[in-house]
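Asks: Following this message is one structure expressed as C-alpha cells.
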Amino acid sequence: MKLKGEKGESSDCDEGSKGKMTLLLALVALISAFGSSFQYGYNVSVINSPAPYMQDFYNRTYFNRTGVPMDSGFQTLLWSLTVSMYPLGGLFGSLMVWPMVNSCGRKGTLLINNLFSITAAVLMGTSEIAKTFEVIILSRVIMGIYAGLASNVVPMFLGEISPKNLRGAMGIVPQLFITIGILVAQIFGLSSILGNVKGWPVLLGLTGIPSLIQLLILPFFPESPRYLLLQKGNEEQARQALQRLRGWDDVDDEIEEMRQEDQSEKEEGHFTVLSLCTFRGLRWQLISIIVMMMGQQLSGVNAVFYYADRIFQSAGVDANNVQYVTVSIGAINVIMTLLAVFIVESLGRRVLLLAGFGLCCVSCAVLTLALNLQTTVSWMSYLSIVCVIVYIIGHAIGASPIPFLLITEMFLQSSRPAAFMVGGSVHWICNFTVGLVFLYMEAGLGAYSFLIFCAICLATIVYIFIIVPETKNKTFMEINRIMAKRNKVEIQGDKEEFKDFHTVPGGQTEKKEFASVEL
C-alpha cells in the first residue's frame, strides 16, 4: 500500500478517504432507487383510491361465474387478502435476501428481481380483460416478494458503493424514492386521472415501467466493489469498479480498508441467520436493528394514515376533497425525507433517530387528547391536523429512513446479508401484524390506540439513546470497533495490527498503524 502522509501528515489520507459525488455514483443511486424502491412505495398506496371499483369488479366477476351476488363477508375476505398479501410477500422476499445477494451479487439480485415486478404488472394490468380477480391477489404476493428484496438490497448496494462521507445521504435515497412512489400512486389514483372505473387496471399495471427501465440501464453500471473483493476475491474488478465510482485512479486507501475488514472477519467466515443470532460479537448490533425495525413499523405510521381522512373530514374538509389532502400529506412526506438526505451527514444518525421518534411520540400523545376532545372543544380538530403533520415529519426524517441505513453501517460484509434478512423480516412481519391487528385495536380502544404507539416510540427512544452509537463519517471497521467494545469482544484485525506494530522496526510502524486507522 502507498502511504500517504509519509511525514506524519494525514490531510492527503483524509482527502483520499473522503469521496465526492460523481455523476456515475449519482446515476447508480437514481436508477437503483427509481427501478426498485420507488415501486415499493407505489404499491403500498396504489390500491387505496380504486378500492371501490376493484371490489365492484370482484363482485361482478363472481356474479358472471355463479349467477349469484357475492356474500359481503366473502368480499371482505377477498379484499383483506388483496391488501395483506403484499406485506406477506414482503416477508418471503426478505427471506430470499441472504442466498440471492451472496450468489448473484447486489446488482445481479436487483436485475433478477425486476422479473417479479414485470410479471405482476402484466397480470394486474390484464386482470379485467381476463375477467379474473384471483390474479390480482397472486400479483400482490409477487409484488410483495419484489418489494421485500428491493427494500433490503437497494440500501445494502448503495451503502457499499458510497464513500463514508456520503453513505448517510445515499442510504436515505431509497426511502426518498419510496415516499415519491407513494405520492405518485396517490396522484395517479385521483378520480380525475386513473382512480376510476376505466383507469384502475392501467394504474396497477404502470408498476412494470420503472423495472423495465432498470433492467435496460443497470447492467452498464459497476457491481459493489466490496462484494467483488471480499466475497468474490477479485481485486482487479473491485479496483476498476471503485475507480469508476470515485472518478480517480488512486483507490488504494479504500482497498486497504476492505482488506482490514476481510482480515477481521476471517475467523468467523460468512454468517447464516442462525450463526448471526448466536454470535456474541454481533449481539448488540442484532438487538439494535430488531428494536429499530419494530419501532419503525409499530410506531403507528399506518394508523396515522388510516385516521388522516377521518381527521380532516372532522375538521370540515369536504369528503370529495379529502383525496387532495392525502396527496398533500404524501408531498410533505417526500419533502421531509429529501431534507433528511441533506442533513444526515451534518446532524448524524442518532440525532435524526431521536428527533424523529420524539416527534412521533409527542404527536401520538397529543393526538389521543385531541381526538377525545374534538366533539366538545371546536379547535381540537385543527390540533389533530397539526399532530398528523408533525408525526409525518418525524417519521420521514428519522424513523423511516435511518434503520435500514444503520443495518448497512453496523455490520461488516460477511454478516450484512444475514442482518438485512433479519431486519427485513422483522420489518414485514410487524407491517403485516399492524395491518391485521389495528382494525381490532381501533374498534376496542378508539383514539386511545395512539397511546400504545406513543409508548412504543418512547421505549425505542430510550433504547437508541443508551445503546445505538453515532456512525457518521466512520468506516465500517471503526463502527465495528465501537460495537466490539459494547459486545466485550476483541477484533481479529486489531490483534494483527498489534503484531505488526512489534515486528517492524523503527518509527515507520507508527505511521503504518496511523494510516490504517485513518482509512
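The values are calculated or read from the model by the stated rules, or taken from the named source; none is laboratory data. For clarity, every value in this text was computed on a predicted model and none was experimentally measured. We place every Cβ from the backbone using ideal geometry, glycine too, and count neighbours over all the protein chains shown. These accessible areas exclude ligands, DNA and RNA; they are computed on the full protein's heavy atoms, side chains included. Shrake-Rupley method; radii C 1.70, N 1.55, O 1.52, S 1.80 Å.
Asks: Is it fair to say Ser103 is among the hydroxyl-bearing types (Ser, Thr, Tyr) and surrounded by fewer than 20 Cβ atoms within 10 Å (Cβ to Cβ)?
Replies: The answer is yes for Ser103.
Asks: Every residue in region 432-488 that is charged (D, E, K, R) and assigned to a helix (DSSP H, G or I), please. Show your work before the answer.
Replies: Step one: list which residues in region 432-488 are charged (D, E, K, R), which gives 442, 470, 472, 474, 478, 481, 485-486, 488.
Answer for region 432-488, where residues must be charged (D, E, K, R) and assigned to a helix (DSSP H, G or I): Glu442, Glu478, Arg481, Lys485, Arg486.
Asks: Give me the pairs: first residue in region 190-215 and of a type in the set (Lys, Arg), second residue modelled with pLDDT under 95, beta-carbon distance under 9 Å, and six or more apart or on different chains, which are they?
Replies: Here the result reads Lys198/Tyr53, each pair linking region 190-215 to a residue that is modelled with pLDDT under 95.
Asks: Quick check on region 500-509. Is at least one of its residues open to solvent by 50 Å² or more (accessible area, probe 1.4 Å) and at pLDDT 85 or above?
Replies: Looking for residues that are open to solvent by 50 Å² or more (accessible area, probe 1.4 Å) and at pLDDT 85 or above, one finds none in region 500-509, hence no.
Each row is one residue, and each column tells you yes or no for (1) of a type in the set (D, E, K, R); (2) touching a residue at least 60 places away in the same chain (Cβ under 8 Å); (3) surrounded by 22 or more Cβ atoms within 10 Å (Cβ to Cβ).
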site: Thr119; (1), (2), (3): no, no, no
site: Glu134; (1), (2), (3): yes, no, no
site: Leu138; (1), (2), (3): no, no, no
site: Ile142; (1), (2), (3): no, no, yes
site: Val153; (1), (2), (3): no, yes, yes
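Asks: Anything in region 41-75 that is open to solvent by less than 20 Å² (accessible area, probe 1.4 Å) and part of a helix (DSSP H, G or I)? List them, or say none.
Replies: The answer is Gly41, Tyr42, Asn43, Ser45, Ala51, Met54, Phe57, Tyr58, Thr61.
Asks: Looking at the structure I just gave you, is Gly181 within 23 Å of the chain's Cα centre (by Cα), over 21 Å from Leu25 (Cβ atoms) and at pLDDT 95 or above? Outline the logic, then answer.
Replies: Working: within 23 Å of the chain's Cα centre (by Cα): yes; over 21 Å from Leu25 (Cβ atoms): yes; at pLDDT 95 or above: yes.
Yes.
Asks: Just one of Ile112, Ile31 is surrounded by fewer than 18 Cβ atoms within 10 Å (Cβ to Cβ), closer than 18 Å to Ser211 by Cβ, in contact with a helix residue (DSSP H, G or I) (Cβ under 7 Å, 6 or more places away or on another chain) and not polar (S, T, N, Q); which is it? Don't jump to the end; show me each part of the working.
Replies: Details: Ile31 fails: surrounded by fewer than 18 Cβ atoms within 10 Å (Cβ to Cβ).
Selected residue: Ile112, the only one of Ile112, Ile31 that is surrounded by fewer than 18 Cβ atoms within 10 Å (Cβ to Cβ), closer than 18 Å to Ser211 by Cβ, in contact with a helix residue (DSSP H, G or I) (Cβ under 7 Å, 6 or more places away or on another chain) and not polar (S, T, N, Q).
Asks: Just one of the numbered conditions (1) touching a residue at least 60 places away in the same chain (Cβ under 8 Å); (2) over 18 Å from the mean Cα position of the chain (by Cα); (3) assigned to a helix (DSSP H, G or I) is not true of Ser32; which one?
Replies: Among (1) touching a residue at least 60 places away in the same chain (Cβ under 8 Å); (2) over 18 Å from the mean Cα position of the chain (by Cα); (3) assigned to a helix (DSSP H, G or I), the lone unmet condition for Ser32 is (2).
Asks: Give all pairs with beta carbons closer than 9 Å in which a residue from region 315-342 that is on the phi > 0 side of the Ramachandran plot meets a residue that is in a helix (DSSP H, G or I) and crowded, with 17+ Cβ neighbours inside 10 Å; count only pairs at least 6 apart in sequence or on separate chains.
Replies: Note: pairs meeting the criteria are Gly316/Ser381.
Asks: Do we find that Phe342 is in contact with a Cys (Cβ under 9 Å, 6 or more places away or on another chain) and assigned by the TED database to the domain that holds Thr376 in this structure? Reasoning before the result, please.
Replies: Numbers: in contact with a Cys (Cβ under 9 Å, 6 or more places away or on another chain): no; assigned by the TED database to the domain that holds Thr376: yes.
Considered against the rule, which asks whether it is in contact with a Cys (Cβ under 9 Å, 6 or more places away or on another chain) and assigned by the TED database to the domain that holds Thr376, Phe342 comes out as no.
Asks: When region 77-100 is examined, which residues are found to be hydroxyl-bearing (Ser, Thr, Tyr) and surrounded by fewer than 22 Cβ atoms within 10 Å (Cβ to Cβ)?
Replies: Ser80, Thr82, Ser84
Asks: Give me a count of the residues in region 88-105 that are free of Cβ contacts under 8 Å to residues at least 60 places away in the same chain and assigned to a loop (DSSP other than H, G, I, E, B).
Replies: Residues meeting the conditions: 1.
Residue-by-condition table, conditions (1) buried (at least 21 other Cβ atoms within 10 Å of the Cβ); (2) polar (S, T, N, Q):
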| position | (1), (2) |
| --- | --- |
| Gly394 | yes, no |
| Pro403 | yes, no |
| Phe438 | no, no |
| Glu442 | no, no |
| Ala455 | no, no |
| Thr460 | yes, yes |
| Val468 | yes, no |
| Thr471 | yes, yes |
